[in-house]
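In what follows, a structure is listed as structure tokens, so that the remarks can point back to it.
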Amino acid sequence: MKQFLVFIGKILLVLLLSAFALDFIYTTVFAQSETRNKVENVINSKPHNYDVIILGTSRANNHFVSELFEKEGLKTFNYGMSGAHLFETSLLLKLMIERNWKIKNIIVETDLNLSNEKRDDGTFGRFMPFMHQSETITEHFKKEPDFTELYYVPFYRYIQFDAKVGFRAWYKTLLNEPTNTLANNGYYPLGFNPKANMKNNIESLVPLRNRYFEEIKQICKANNINLIAVTTPMCSNVKGMDYFKKVKALYPEIKEYEHVVEGDQYFSSCGHLNDKGARLYTTKIIEDLFKK
Amino acid sequence: MLFNSIEFLLFLPTVFFLYWFVFKNQLRAQNVLLLVASYIFYGWWDWRFLSLIIASTFLDYFIAIQLGKTDVSKKRKFLLGISLVGNLGMLGFFKYYNFFVTSWIEAWSSVGITMEASTLNIILPVGISFYTFQTLSYTIDVYRKEMQPTKSFIDFAAFVTFFPQLVAGPIERASHLLPQFYKNRTFDYQNAVDGVKLIIWGMFKKVVVADNCAFFVNKIFENPEAYSSGELFVGMVFFAFQIYGDFSGYSDMAIGISKLFGFDLMVNFKFPYFSRDIAEFWRRWHISLSTWFRDYIYIPLGGSKGSQWFQIRNVMIIFLVSGFWHGANWTYVAWGLFHALLFLPLLLFNLNRSHLITKSYGWLDFAKIGVTFLVVCIGWVFFRADSISDAFQYLAHMFELKSLGLSLFYKTNANLMIFGLSVLAVGILSLQELFWVIKKRDLPKISAFGALLLVLLIFFMGSFKNQMDFIYFQF
């Protein structure tokens, strides 16, 4: 029996040592990179000064043309992330503050994402390598049901989120292979798609008094940042557009911009403007909020 | 409780510790412990269904005692009848009631007669087909006077519910497993190490091979029209490896866990995808079920004796029943029929024993393996599809060969990553099994270094995010 327990012990020891070693190797590589995605670009950054930072989901990422802000002399970066929920948006802002960024204005897209307080695993995974590196990330994730295993079991977080921070991402990071995520100061232009499905049904969505939007408001207030919360356009054939009225009722400070660009020729899909539409939308935002 | 769950990771060492350290050399206490542990293991899903197992256990225990007391043929038949009706009645009600009701209504509506009947919202108790067959084998063996009824209710109940193989087999024969509960068991280092290695190998098949393949299989079978012929072909092959990794992985783990407690279970899979014809496939696939059907249905029906018509009838019965055993859906019956049609020519031309497992492989055999694998894969489409028409549509679309593109597998980073893992896992599995087949092994034999390597592969390649239930639990 003793011999058997030694055998089991050896297996467990090898497993544990490998997990520690791989955890260390993965974390070290990810800690050196700041050019492959917006999360690491913030986490591994030095202090920056910005006139405008844009936050939100893909509906921020594809709708706010940074270049148009820059033309007005406003130093701008679009940190909208496809798929992100306000859970991750709030964390990204906290990390910017933790890294002593000086930000004058934050534009946050607040529309469909208000209906959700859960995390988005795809975006959440990108924070995993930095869990032990930042007190802010640890605190933000503490209430997640799988926090304990993600935080304490070595390498477990890389297994759980292997699509985002697994071997492939690690290998490409090691080679310092760039992505186009940070091009155009974070704005990602979409083309016109004639086959796109130009209808949507959002009747089931209900906006919440979202705790992460509340966090964003508090952070901005505490750090003297001008917060501009806006809605963004949808295509013409959407069922349940009264959702936006509910948003307005819940948060009167959110500015209504869902109707400023109309016509499906300006859309790439029902929820996303194409580049032409995004330019119209951004121009309107700049005129209304930065020129008046 | 799943073998690949955190709960089981705590459950197994606890039972192991109590078994070998607290109740060491106390046979009765060890059997009681196994019984209690098995009830906890099963009750973890739904404690209400424990009542079914307990009812089945009581029924067969007392029937067997009564069978042991009488030689009167009529009375013996009557007692066996009670056991068959009781056990198959429970199985039939929980597994097939809704199927028969809806099939009956559909049959009448096809000739223009509308009928109304209500189906029931019945939950299928996990593993009911497995433990029902296991306990039936006991009563039938006692009826045939091939074994003596046991007097110990604890031993019998522990045999019926033995947790390593309770929910997905191997379906043990009473004559093989039950006597092991009567004997003192001493800890054997080599046996236990072999058990751990088998558990690791089974876990590799489940979490690395099956669960990675499942990611694409589920996508493709959910909406086959959306995919190219090439993607459908890969989906079909991946399902073949998913079901093999899933089911044989469970069997390997069951055999391995049993070894930790000093028990020996029967081999359930002998590298079936290296079969040279369908007859050999059935000598290598789900052996505990196919031999059960052979011994308790096929041979009593006359087996391969008698006229050709009798032989054909018996083969059809055995394959259709085998298909139906898997689930209450015509797709399983179609799968059984498909295999029967592949098997019959071999039987009629007396070729069904031309590839016995012990026969060595020649170069030409590898072509036969490829052809057999392909037809087995086609059969799996019927097994996996939601309906027979879906299966035909899947195959028709696949053989259209309109597009061979494989863009699904590299459309996103995640897809490419999982596809790479799946191909690598299937490659490792196939090469390793080829080695064992050539060495004529019945069970995997893994070195200590190999076991360590597998542990690392499970850890780093395992699909923990897309963890699936074992497919055969639903049967």
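No value in this document is a laboratory result; all are computed from the given coordinates. Just so it is clear, the structure is predicted and the values come from calculations on it, not from any experiment. Because the Cβ atoms are built from the backbone with ideal geometry, glycine has one as well, and the counts that use them run over all protein chains shown.
Please report Rg (one decimal) and Dmax (integer) in Å for the Cα set of the protein assembly as shown.
Here Rg and the maximum Cα pair distance are 31.2, 105 Å.
Rank the residues B:74, A:10 as a footprinting-exposure proxy: fewest other Cβ atoms within 10 Å of their Cβ go first.
B:74, A:10
In what order do B:42, B:410 fall by count of nearby beta-carbon atoms within 10 Å, going from fewest to most?
B:410, B:42
Take segment A:81-205, drop everything but the C-alpha atoms, weight them equally and run the Debye formula without solvent; then report log10 I(q)/I(0) at 0.16 Å⁻¹ to two decimals.
-1.05
Counting residues in segment B:6-186 as N, plug N into 2.2 N^0.38 Å and put the Cα Rg over that result.
Normalised Rg, Cα atoms only: 1.22.
Given the rule -39500 (n - 2.57) for each run of at least 4 DSSP H residues, summed and divided by the residues of chain B, what is its mean residue ellipticity at 222 nm, to the nearest 500 deg cm²/dmol?
Counting only the DSSP helices, I get -21000 deg cm²/dmol.
May I ask you to compute the full-extension gain from residue B:22 to residue B:448, defined as 0.36 nm times their residue separation minus their alpha-carbon distance, rounded to one decimal in nm?
Contour length minus Cα-Cα distance gives 150.5 nm.
Mind checking the full-extension length gain between residue A:132 and residue A:1? Use 0.36 nm per residue of separation minus the Cα-Cα distance, one decimal, nm.
Extending this stretch completely gives an extra 43.3 nm.
Under 14 Å from the Cβ of residue B:350, count the other residues' Cβ atoms, weight Lys and Arg +1, Asp and Glu -1, and hand me the total.
+1
With the Cα gyration tensor of chain B in hand, convert its eigenvalues to equivalent ellipsoid semi-axes via √(5λ) and list them largest first in whole Å.
Those come to 35, 30, 23 Å.
Counting only other chains, what is the mean number of Cβ atoms within 10 angstrom of the Cβ of each residue in peptide B:453-463? Walk me through the numbers on the way to the answer.
Numbers: counts 1, 1, 5, 5, 0, 1, 7, 9, 4, 2, 2.
Partner Cβ neighbours, averaged per residue: 3.
Could you work out, residue by residue across A:2-15, how many beta carbons of other chains sit within 10 Å of that residue's beta carbon, and then give the average as an integer?
Partner Cβ neighbours, averaged per residue: 4.
Give, in nm to one decimal, the length gained when the segment between residue A:21 and residue A:236 is fully stretched (0.36 nm per residue of separation minus the Cα-Cα distance).
Numbers: separation 215, 0.36 × 215 = 77.40 nm, distance 5.36 nm.
Length difference between fully extended and current span is 72.0 nm.
So which helices of chain A fit the span-like rule, where a helix is a whole DSSP H run, its Cα atoms reach 24 Å or more along the axis, and its mean Kyte-Doolittle is at least -0.5?
A:2-32
If you take the beta carbon distance between residue B:225 and residue A:249 as r and set R0 to 51 Å, what does 1/(1 + (r/R0)^6) give as a FRET efficiency, to the nearest 0.05?
The computed FRET efficiency comes out at 0.75.
Quick one: which residues, 5 or more positions from residue A:229 or on another chain, have an amide H under 5 Å from its amide H? H modelled 1.01 Å from N in the peptide plane, none for Pro or chain starts.
Result for residue A:229 returns A:108, A:255.
Calculate, axis by axis, the spread of Cα positions in segment B:199-256 along the three principal axes, and write the results as whole Å, longest axis first.
Principal-axis extents of the Cα atoms in segment B:199-256, largest first: 41, 13, 13 Å.
Under 14 Å from the Cβ of residue A:184, count the other residues' Cβ atoms, weight Lys and Arg +1, Asp and Glu -1, and hand me the total.
0
Which order, highest average first, do A:233-242, B:167-176, B:46-55 follow once you tally other Cβ atoms within 10 Å for each residue and take the mean per peptide? The partial results should precede the final answer.
On the way: A:233-242: 16.5, B:167-176: 23.2, B:46-55: 14.6.
Packing proxy ranking, top to bottom: B:167-176, A:233-242, B:46-55.
Can you put A:106, A:43 in order, fewest other beta carbons within 10 Å first? Kindly include the intermediate steps, with their values, before the conclusion.
Details: A:106 22, A:43 25.
Fewest-to-most ranking of A:106, A:43: A:106, A:43.
Taking amide H atoms as placed 1.01 Å from N in the peptide plane, list the residues 5 or more away in sequence, or in a different chain, whose amide H sits under 5 Å from that of residue A:268.
Residues meeting the amide H criterion: A:273, A:274.
Using a 10 Å cut-off on Cβ to Cβ distances, tally the other chain neighbours for every residue of A:160-168 and report the average as a whole number. If you can, show how the numbers build up before the last one.
Working: counts 2, 1, 11, 8, 3, 0, 7, 5, 5.
Taking the mean over all residues of the peptide, I get 5.
Note the per residue figure in Å³ for the convex hull of the C-alpha positions in segment A:131-191.
151
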